[in-house]
Amino acid sequence: MSAFLLNLLLALAWVALTGRFNTVNFAFGFALGYGALWLAQRVLGPSSYFGKARRFLGFLLFFLWEVIQANLHVAYIVLHPRYRLRPSVVAVPLDARSDAEITLLANLITLTPGSLSIDVSADRKVLYIHTMDMGEDPARFRREIKEGFERRLLEVMR
């Protein structure tokens, strides 16, 4: 049985034993189960689950930080009407290959205020993104997508 499923079962067992069926109690049970499974690695054998869980948490924190920064940038633009916008469509080459990777990347970019995934090329090697404010350097925008969103997403998914 995979470590993730075992962790879910331990969290559900915790919720059932405590008798409090809410999100906070489930999250606490999930954290307790994670700790118990981590301590039991010698008995159960090594698992890549623990590394992936840390990478997922890191990705989640990275994404939340990016959303906060994008919201602040959009608020700055709205509050400064003389700000000179440079809207643009940028082609970003993809390392993501599967449909799930490309779809998740495109949706995460779209969820970030000020950017919108428009299309994927027919050969699935380029993602076209509309950005509300390109700034001075399109290469910087591509690099931020490649080294930020895409690299971290692929670390979690592969």
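Rule-based calculations on the coordinates, nothing more; no lab input. From a predicted model like this one, the values you see are computed outputs, not experimental measurements. When we count neighbours, we look across all protein chains shown, and the Cβ atoms used for this are built from the backbone with ideal geometry, even at glycine.
Could you work out the mean projected area of the convex hull around the alpha carbons of the stretch 113-158, in square nanometres to one decimal? Present the calculation step by step, with values, prior to reporting the outcome.
On the way: hull surface 15.3 nm².
Averaged projected area of the stretch 113-158's Cα convex hull equals 3.8 nm².
Quote the Stokes-Einstein diffusion coefficient, in whole µm² s⁻¹, for the stretch 3-44, based on the Kirkwood radius over alpha carbon pairs, a temperature of 20 °C and a viscosity of 1.002 mPa s. Please list the in-between numbers first.
Values: Rh = 10.1 Å.
This corresponds to a translational diffusion coefficient of 211 µm²/s.
Sort D95, D123 by Cβ crowding within 10 Å, fewest neighbours at the top.
On the way: D95 12, D123 7.
Lowest count first: D123, D95.
Please list, ordered by chain and number, the residues whose modelled amide H lies under 5 Å from the amide H of L94; skip anything fewer than 5 residues away on the same chain.
Residues meeting the amide H criterion: V126, L127.
So if we plug the beta-carbon distance of S121 and R143 into 1/(1 + (r/R0)^6) with R0 = 25 Å, what FRET efficiency do we get, rounded to 0.05? The partial results should precede the final answer.
On the way: r = 19 Å, r/R0 = 0.77.
Working from the Cβ atoms, E equals 0.80.
With label points built 7 Å along Cα→Cβ from the Cα atoms of Q69 and L5, find their separation and express it in nm.
Once both label points are built, they end up 3.9 nm from each other.
Once the piece of chain linking E155 and H80 is laid out straight, how much longer is it, given 0.36 nm per residue of separation minus the C-alpha distance between them?
Working: separation 75, 0.36 × 75 = 27.00 nm, distance 3.79 nm.
Full-extension gain reported as 23.2 nm.
Determine ³J(HN,Hα), in whole Hz, for all residues of the stretch 124-131 in sequence, where each value follows from phi through the Karplus function 6.51 cos²θ - 1.76 cosθ + 1.60 and θ = phi - 60°; x replaces Gly and Pro.
So the J values, rounded to whole Hz, are 6, 10, 9, 10, 9, 10, 8, 10.
Using a Förster distance of 22 angstrom, determine the FRET efficiency expected from the C-beta separation of F56 and L12, and round it to 0.05.
It comes out at approximately 0.65.
Assuming a viscosity of 1.567 mPa s and a temperature of 4 °C, what translational diffusion coefficient in µm² per second does Stokes-Einstein assign to the chain, Rh being the Kirkwood radius over Cα pairs?
On the way: Rh = 18.3 Å.
The calculation lands on 71 µm²/s.
Most exposed first by the Cβ proxy, i.e. fewest other Cβ within 10 Å, how do E136, E144, E150 rank?
Ordered by Cβ neighbours within 10 Å, fewest first: E136, E144, E150.
Between P138, P81, P93, where does the largest GNM mean-square fluctuation fall for the chain, given springs only between Cα atoms within less than 10 Å?
Fluctuation is largest for P81.
Counting other beta carbons within 10 Å of each Cβ, put W14, W65 in order, fewest first.
On the way: W14 19, W65 11.
Fewest-to-most Cβ neighbours within 10 Å comes out as W65, W14.
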